[in-house]
Amino acid sequence: MEFEEAFQIAEEAIRQTNNGRLNGKVQIAILRGTWDGQTYEEIAKQENYSPRYLQQDAGPDLWDKLTKAFGTEVNKNNFRTLMEMGLRLPASPDHSEHPPPIPSDNASDNFWHSTLCHPDLHEAPDVSRFCGRSKTRQDLKDLITLNAYRLFCIYGVGGVGKTALAVKLAQELHNQFEGIIYRSLNPQRNITDLQTELIRYLSNESKDQTGLSALLSCLRKYRCLVILDGWESLLSSNTHDGSYLPSSTDYGDLLLEIGRASSIQSTLIITSREKPKEIEILEIETVHAYSYLLYEMGEISGRALL
């Protein structure tokens, strides 16, 4: 997708949802700069604006308009990713150019129409400047597409690119799934709240359902991609034996239950600086878990990135 196409989609969405229009040259400059991976400071210098004005006024107003127009959070970090994954105006009877989904007796079909264009990636980083890892990406995409595994662990030292790789895979595989959701983990993220968020997204329902059994039911019913980033933040940093922080012990059980459950259609990718012990157990017990040790990129890709 070229920027001009993405811009037309964004402008039309804002117009059709009565959220005004793009604020002239300044917001167009922010969109183009964001598309090209520029910071606010770089955009300001190039277009002769104040960085503070872009960051505190024009930028927030732009992302608020797009978020309201598309019905999902749009920001500087995820704009290009969402556009390239097919973000479109929500179907509505008031939008003749975007007719509502054709009714279907198949729940999965209805889910596809209502959520495919709305991957939940508002916490994900921008990967528009991703480069390299072509063989790794293709190998993992083949395994995911063939549904050979349901649980993937990408692990390696900090800063090697685990998060970017996971998000890039989601971007390139979006048409293989009925929905995609990314969440960044931390010890303060209660597992009950996380499960509720996942269930709400996977089931496409506003009513809260809770509990592991409800989550497993959604993972069985729909083919979705779930990315849980930063698993090492749940582990004790002093032991290095795979033990969890007191507030995060239930996360290990979550991995085991998903790995051992039957008829799971969805795919879970976790990233971590160290391989969780549950992944090692599941790799021995079942054929559903796969771990990939990510090394530093080669010199050619490193030079291209620089």
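The values are calculated or read from the model by the stated rules, or taken from the named source; none is laboratory data. Being a predicted model, the structure only gives us computed values, none of them experimental. Ideal geometry is used to build each Cβ from the backbone, glycine not excepted, and the neighbour counts take in all protein chains shown. Side chains are part of the model used for accessible areas, which takes the heavy atoms of the whole protein and leaves out ligands, DNA and RNA. Shrake-Rupley method; radii C 1.70, N 1.55, O 1.52, S 1.80 Å.
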Spin-label pair R220/E296, simplified geometry with 7 Å Cα→Cβ offset, distance in nm: 4.7 nm
Largest to smallest accessible area among M1, M83 [probe 1.4 Å]: M1, M83
Here the FRET efficiency for E47 versus T145, based on Cβ atoms and R0 = 41 Å and rounded to 0.05, is 0.50
Which three lengths, in whole Å and largest first, does the stretch 218-291 cover when its Cα atoms are put on their principal axes? 39, 23, 19
For D253 and F3, FRET efficiency with R0 = 45 Å and r from the beta-carbon atoms, rounded to 0.05? 0.50
Rg(Cα) of the stretch 128-263 divided by 2.2 N^0.38 Å? 1.08
Shape descriptor, the stretch 1-85: equivalent ellipsoid semi-axes (Cα gyration tensor, sqrt 5λ, whole Å, largest first) stand at 19, 14, 11
Between Q56 and S184, what is the label-point separation in nm under the 7 Å Cα-to-beta-carbon projection? 2.3 nm
As a test question: what accessible area, to the nearest 10 Å², does D253 have when a 1.4 Å probe is rolled over all protein chains in place? 80 Å²
Give me the extension gain from L245 to I28: residue separation times 0.36 nm, minus the current Cα-Cα distance, reported in nm with one decimal. 73.6 nm
Suppose each label sits 7 Å from its Cα in the direction of the beta carbon; what would the R129-S236 distance come out to in nanometres? 3.9 nm
Excluding residues on the same chain fewer than 8 positions from K65, give the lysines whose Cα lies under 18 Å from its Cα. K25, K76
Over what distance in Å are the Cα centres of the stretch 135-185 and the stretch 72-86 separated? 17 Å
Taking 8 Å as the Cα distance limit and 6 or more residues as the minimum spacing, I'd like the relative contact order of the stretch 222-298 as a percentage. 37 percent
Under the √(5λ) rule applied to the eigenvalues of the Cα gyration tensor, what semi-axes describe the equivalent ellipsoid of the stretch 124-185? Give them in Å, descending. 18, 14, 13
